[in-house]
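Derivation of every value follows stated rules applied to the coordinates shown; laboratory data play no part. Remember, it's a predicted structure, so these values are computed and weren't measured experimentally. As a convention, Cβ positions derive from the backbone with ideal geometry for all residues, glycine included, and neighbour counts pool all protein chains shown.
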């Protein structure tokens, strides 16, 4: 998907942050209306309404936070240096303005902390981890102070819980420093449990903004715990109106796709609104193209081409070109495949893991094997039986070199998804044995998935060994995300076993 890695999760969660207060400090209707407009990506309408309000209509810290949400949404959707730079400039000015306010409500420190966390998310997305850590530390200190002054202000707990969960997913070489800088001890399960407790407690502010709490739980469960069904259940609420809100449709589609509901995800995206008055949301077309490609649709390249033509941001462009090249390859258009991979290879080295993977494939190869590619896409779409039949049409001897290693790995993943655990375990182990020294990610991912298999079958000692094996391997691609998931697995084992 377009937002990947821990930085992307932070940014998306912070985008959804609720504007709620204690029941004794209810926000005026104007604040709620503007927030709803932001949440549904009617950013121009929200900005106009906010600017037209008299100074006393909304508490000043809340007005600053609303304006920051608008700029954050634009920075994330546009994904361009200019919009990101503008966000940081405006956020810095708003933080200074809030600091000068005589406001004695919990909103003053909370608004400053939230704006700092939003800045931290964009710093992390840009790879500036020192600035990210500094802002996160300041934000956490503000939230702790706000919790001391206003212990019943639930949103302090919510923000700290998300930071706690994300810190717990960092690899060891980063986590100790991040914990020291933030003053928090990372725990994926602890952070998610705190968020879920807020829902159960049912305080007025948390219930009113239930959907935002649910999206935070869903994203954390999906990306940090690999709990696909738990993530899907978290979003089952009557409050989600995907036909009127493109962001709600996108969020539901992301979780649906990752939980084996590819057809449902496509339906959600195709029915989502666009055009006036919504801010351009090209990432939706990218995701739709990927999901249709997973289903091997003949027209899967159309939304991808639309994204490549219109999106001017920095993240996902080359991955979209890669997917168009794959579509050409699967339909026998080798000339089209070369055209799109040449376009990728001519680009400067990308920052994101997925764009970099596309760039490496274009520059260094090898060209994907069509049968392996079909099986991979069908698996990603949750069409496991079709993927298994596609992959087993040829014997293992048909594949050589790196393709042979990929064949074993993909057969293991598909067998695992089909519940053929003995077969999956055998192929995972073969992938590990043959791929330990290979720079590809297959062996590291095999170790991670073997740990998940053992964990789900209550073989705790074997699961721990597999997760530790994953952490010892250093693939060229996806190392940080794979190690984060292995660390989350070890944390789960400590609680379960």
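For the pair the stretch 341-391 and the stretch 309-329, the centres of their Cα atoms are 12 angstrom apart. The mean sequence distance of close C-alpha pairs (under 8 Å, at least 6 residues apart), as a share of the length of the stretch 293-364, puts its relative contact order at 28 percent. Listed peptides 214-224, 36-46 appear in the order 214-224, 36-46 once ranked by packing, highest mean of other Cβ atoms within 10 Å at the front. Using alpha carbons only, the radius of gyration of the stretch 370-496 set against its Kirkwood radius gives Rg/Rh = 0.97.
Contact order, relative form, for the stretch 370-496: 17 percent (alpha carbon pairs under 8 Å, 6 or more residues apart, mean separation divided by residue count). Averaging Cα coordinates gives a centre for the stretch 253-270 and one for the stretch 453-497; these two points are 27 Å apart. Just to confirm the number: angle between the C-alpha axis of helix 81-99 and the first principal axis of the chain, 0 to 90 degrees, nearest 10? Once rounded, one gets 30 degrees. The translational diffusion coefficient of the stretch 293-364, from Stokes-Einstein at 20 °C and 1.002 mPa s with a Kirkwood hydrodynamic radius over alpha carbon pairs, comes to 177 µm²/s.
A simple packing score, the average count of other Cβ atoms within 10 Å per residue, orders the peptides 241-254, 449-462, 93-106 as 241-254, 449-462, 93-106, with the highest score first. For the chain, the longest principal axis of the alpha carbon atoms and the long axis of helix 60-78 meet at an angle near 20°. Note: relative contact order over the stretch 21-89, using C-alpha pairs below 8 Å and six or more positions apart, is 28 percent. To the nearest 10 degrees, how steep is helix 154-168 against the longest Cα principal axis of the chain, on a 0 to 90 scale? Helix 154-168 sits roughly 30 degrees off the main axis of the chain. A simple packing score, the average count of other Cβ atoms within 10 Å per residue, orders the peptides 413-419, 83-89, 394-400 as 413-419, 83-89, 394-400, with the highest score first. Net length available on complete extension from residue 141 to residue 458 is 110.2 nm, with 0.36 nm assigned per residue and the Cα-Cα distance removed. Across all Cα pairs in the chain, the calculated P(r) in 10 Å bins from zero up to the longest distance comes to 4, 19, 30, 27, 15, 5, 1, 0 percent per bin.
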